[in-house]
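Here's the structure we're looking at; comments come further down.
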């Protein structure tokens, strides 16, 4: 495979732009692509502007030394049947995305010296927990009931994001009635009322890395969303995660739109109080009265809008109420044997020093040489049945772990690949620490690794535009999720927001956010026929789609 194969999108040049667009979308992550695709379905001509060399945001893949890795799509849930999530993917990709199931035991949790696991299927998940914790049957059954209660309440949360401020005010009593109080409590508070068994709580929270906050800081709504999302197992896109963006772009092009790469936006232009377009890094101006920013809250209000505009719109007072999620480092590993030959599993490994996740995080942040509070190991070449067609005779592994941005702060603003010996030495040290976890769990890999490289929060900042190297956008705390201004609408006429910062984290969270943004822009009357097309006989308004 040629290296250019994974470079999805059309390289930006000012002379390649159309004379007119109905909307400009900044950022080609899942939120931006979804908004653009829905608008295109409605006949809008949309221009998506991506600063990276390839489209897809955290769904993109990259190649090096004959290997291929994903950077964010380690697994997706809720696509193994005709769910609304699956129907959304089918609509966006015109049915071209295929999904390969992982092992029945899709997540394995190493908690200190004990091992627990999650199994695919609601009943299987429940029965497996009971087998591991036979004295906690009542707590386990009640937990599954609470997941369902939380799921029903998420519809009101999604609806509140679409409504205009006056509509939200009028419907506030109804929204409160439909929003269970447990949604905004911490995960640990909810679970500790069910059981005193800290190992059971740790097992139920074993996927906390999927949102970046341990149970005493995370909000139960997002915990429940993630748990429900994977209740029927994990899946991987056949052909690699880059296929997601590749399959969506034709829908955007359908109405004359395009997805441009190397297209860095310098500023969102606001004139006479309204959006007028964007200024590109090369100085070119693209005129358009409608701009959707899917570049994140920090980028939008911290970099893309002038201080004067941010102050005048009242966002300066709001920004302290949210904070970026924890940054991360990644290790990308290549081996000259196949996943089958190396006995690599289709199961994710989550490795924890003990069952007190919050204490482990605090110690890690306070002490540079403390144990990583979580180490996640993924085996993409084992998950993807098409991998060997692209890279025969090889296998890949990925390791992800949290890392404070402050560790790498002195290289802020530096150029990728030119950060000096100190930076490379720090990367090597951290990479070796993480490789020890891999060899501990899979000792047969010692001496068989052909290649590995380490990415840092500065890598994330350089390629994905997140200034603090954050993996999940804004921290998913109760305070953040109760900010009414974090939705598709802004106080600046013509400016809209999309992506995980406007709803919830992850690929499907960003996808649903993209749909809600398009709905807010055009209204439910115009969106309803599209919703019927997406969800067929089981049609539902966008907010209801969040429940499934």
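Between residue 526 and residue 141, the FRET efficiency estimated from the beta carbon spacing at R0 = 51 angstrom works out to 0.70. Would you kindly calculate the translational diffusion coefficient of region 122-231, applying Stokes-Einstein with the Kirkwood radius from alpha carbon pairs, for 10 °C and a viscosity of 1.306 mPa s, and quote it in µm² s⁻¹ without decimals? Rounded to a whole number, D works out at 107 µm²/s. Rounded if a/c is under 1.5, else prolate if a/b beats b/c, else oblate: with a ≥ b ≥ c from the C-alpha gyration tensor eigenvalues square-rooted, which is region 17-167? Judged from the Cα gyration tensor, region 17-167 comes out oblate (a/c at least 1.5, b/c at or above a/b).
Peptides 517-528, 467-478, ordered by how many other C-beta atoms sit within 10 Å of their residues on average, highest first, read 467-478, 517-528. Cβ-to-Cβ counts within 10 Å put 30, 512 in ascending order as 512, 30, the fewest first. Remark: 346, 122 ranked as 122, 346, counting other beta-carbon atoms within 10 Å and listing the fewest first.
For region 166-292, a Kirkwood hydrodynamic radius built from all Cα pairs, placed in the Stokes-Einstein relation at 37 °C and 0.692 mPa s, yields a translational diffusion coefficient of 167 µm²/s. Here the label points at residue 272 and residue 113, each 7 Å from Cα along the C-beta direction, are separated by 7.4 nm in the simple model.
Extending 7 Å from the Cα toward the beta-carbon at both residue 264 and residue 18 defines two label points whose distance is 2.7 nm. Gap in Å between the Cα centre of region 258-276 and the Cα centre of region 439-512? Using only Cα atoms, the two centres lie 22 Å from each other. Counting neighbouring Cβ atoms within 10 Å and putting the fewest first, the residues 255, 247, 498, 293 line up as 255, 247, 293, 498. Contact order for the chain, expressed relative to its length and based on alpha carbon pairs under 8 Å spaced 6+ residues apart, stands at 24 percent. Taking every DSSP bridge with both residues inside the chain, close to 70 percent are antiparallel.
Rule-based calculations on the coordinates, nothing more; no lab input. It should be emphasised that the depicted structure is a prediction, and the values quoted were computed from it without experimental measurement. We place every Cβ from the backbone using ideal geometry, glycine too, and count neighbours over all the protein chains shown.
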